[in-house]
Amino acid sequence: MTALPVAAQETVSAVVIDGYPDRALWVKEFTNFFIPQVDSRLAAAGNYQMSWQENYGGSIVKPKGVLEGVQLGLGDIGIVTTIFHSSKLPSQGISGSTPFVSSDARAVAKAVDEIAREYPAMQNEFAAQNQVYLATGVVLDTYQVFCSQPVASVADLEGRKIAGAGLNLRYLEGIKDAAGVRGGLTDFYNMLQTGLADCAMLWPEAAVTFKIAEVGPYMLQADLGAVNSKTVTVNADYWAKLPDEVKATLQDVAIEYRDHLAGIAMDRAAAAHAAYTEAGGTIVEVSADDRAAWANAMPNIASEWAATLNGNGEQGTDMLAAYLGKLESAGFVGVRDWTAE
């Protein structure tokens, strides 16, 4: 008998972009988890195989340029850092607008992604940028405050220059004379080293990865909350040409990547605290009363967020209530009721 020839697989090329370096957690796991999962599923079906071209660390775009890069087709698939684009992607600010609620990356990722699927706002915003939304990623267990000089309480942040990446700069409006300085994760080391900022808001895993203890050896553990900051998107023109099987695979794996990434973030959280102190860092825990005072001193940025969405013709108020309801069902209630006017 003569063996029948095996049908040739169709090759689908994909250019992946992010401006962050490959050592960043979400980039590393895109390489180590997302791509192998897509490849193995397609291989099992036997109809398609991917040809991946990964471009990170500024080779095609800078960290803030991924949204535009995918829009223009410089990349087919991108990991968009949404906190840089509050005007174009306002609905992505849902968790950043509700601090002091949950420090569980898994719960926040799932809740935000469910909101994206139950309400059209997030997908509409990406569609306006010529992109198809795949899934939300949460890579930080919670924002903390890292300072170059000793801090013992929230009061010690008064009058300080504090770096943040976007919406979290609004948190500083509850602290007397604190000045927000806009920057990104790859900037914070130099900002602290040079005195451009006295403190920076980031999360412990990233603080270890980027050696923040060397320039910010004092961490104020305020547990500001986990925030969605990464969204996997696909250029809409590229998407339209993809076979349905490849589309379905990318969609399914994006959700698994969401949960995988959040799980790693939580697994690494405790270890990151230990690694930070081993590198010379000191951790000071903020009291419950201090956290509540900070939260209540802030403007109600959640209500402002909802009003912005409402003004855009979206269901901002309903989205906010639904999101906080999902977190409450998961066991997380904030120190302030952000739905109250």
Out of the residues in segment 272-288 that are open to solvent by 40 Å² or more (accessible area, probe 1.4 Å) and out of contact with any strand residue (DSSP E or B) (no Cβ under 7 Å at 6 or more places or on another chain), which is nearest to L140 (Cα to Cα)? A274
Would you point out which residue out of V112, V138, V108, V101 is out of contact with any Phe, Trp or Tyr (no Cβ under 9 Å at 6 or more places or on another chain) and either within 22 Å of K62 (Cβ to Cβ) or of a type in the set (V, I, T) (or both)? V138
Go through segment 78-97 and report how many residues are open to solvent by less than 10 Å² (accessible area, probe 1.4 Å), more than 25 Å from G58 (Cβ to Cβ) and of a type outside the set (A, V, I, L, M, F, W, C). 3
Residue hits (segment 66-89; modelled with pLDDT under 95 and in a helix (DSSP H, G or I)) are T82, I83, F84
Would you confirm, using the coordinates I've provided, whether E256 is out of contact with any Lys or Arg (no Cβ under 9 Å at 6 or more places or on another chain) and under 30 Å from G174 (Cα atoms)? no
Among the numbered criteria (1) surrounded by 20 or more Cβ atoms within 10 Å (Cβ to Cβ); (2) at pLDDT 95 or above; (3) within 25 Å of E278 (Cβ to Cβ); (4) in contact with an Asp or Glu (Cβ under 9 Å, 6 or more places away or on another chain), which single criterion is violated by T142? (2)
Do we find that A206 is among the small types (G, A, S) and at pLDDT below 95 in this structure? yes
(1) surrounded by 15 or more Cβ atoms within 10 Å (Cβ to Cβ); (2) more than 15 Å from the chain's Cα centre (by Cα); (3) not in a strand (DSSP E or B): which one isn't true of Q193, the others all being true? (1)
Going through segment 57-77 in order, the residues found to be touching a residue at least 40 places away in the same chain (Cβ under 8 Å), open to solvent by less than 50 Å² (accessible area, probe 1.4 Å) and not hydrophobic (A, V, I, L, M, F, W, C) are P63, G65, G69, G73, G75, D76
Hey, does segment 252-269 have a residue that's part of a helix (DSSP H, G or I), modelled with pLDDT of 95 or more, farther than 20 Å from A109 by Cα and in contact with a helix residue (DSSP H, G or I) (Cβ under 8 Å, 6 or more places away or on another chain)? no
Is it the case that segment 124-143 has a residue that's assigned to a loop (DSSP other than H, G, I, E, B) and within 23 Å of D318 (Cα to Cα)? yes
For segment 289-304, does any single residue satisfy the condition of being among the hydroxyl-bearing types (S, T, Y) and surrounded by 15 or more Cβ atoms within 10 Å (Cβ to Cβ)? yes
Scanning segment 98-108 residue by residue, those surrounded by fewer than 23 Cβ atoms within 10 Å (Cβ to Cβ), under 20 Å from M201 (Cβ atoms) and not hydrophobic (A, V, I, L, M, F, W, C) turn out to be S103
Within segment 170-190, the residues that are open to solvent by 30 Å² or more (accessible area, probe 1.4 Å) and part of a helix (DSSP H, G or I) are R170, E173, Y189, N190
Looking only at segment 199-242, count every residue that is surrounded by fewer than 22 Cβ atoms within 10 Å (Cβ to Cβ) and assigned to a loop (DSSP other than H, G, I, E, B) and tell me the total. 6
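The values are calculated or read from the model by the stated rules, or taken from the named source; none is laboratory data. Small disclaimer: the values here were computed from a predicted structure and weren't measured. No Cβ is skipped: glycine too gets one built from the backbone with ideal geometry, and neighbour counts run over all protein chains shown. The area values use the complete protein model at the heavy-atom level, side chains included, leaving out ligands, DNA and RNA. Shrake-Rupley method; radii C 1.70, N 1.55, O 1.52, S 1.80 Å.
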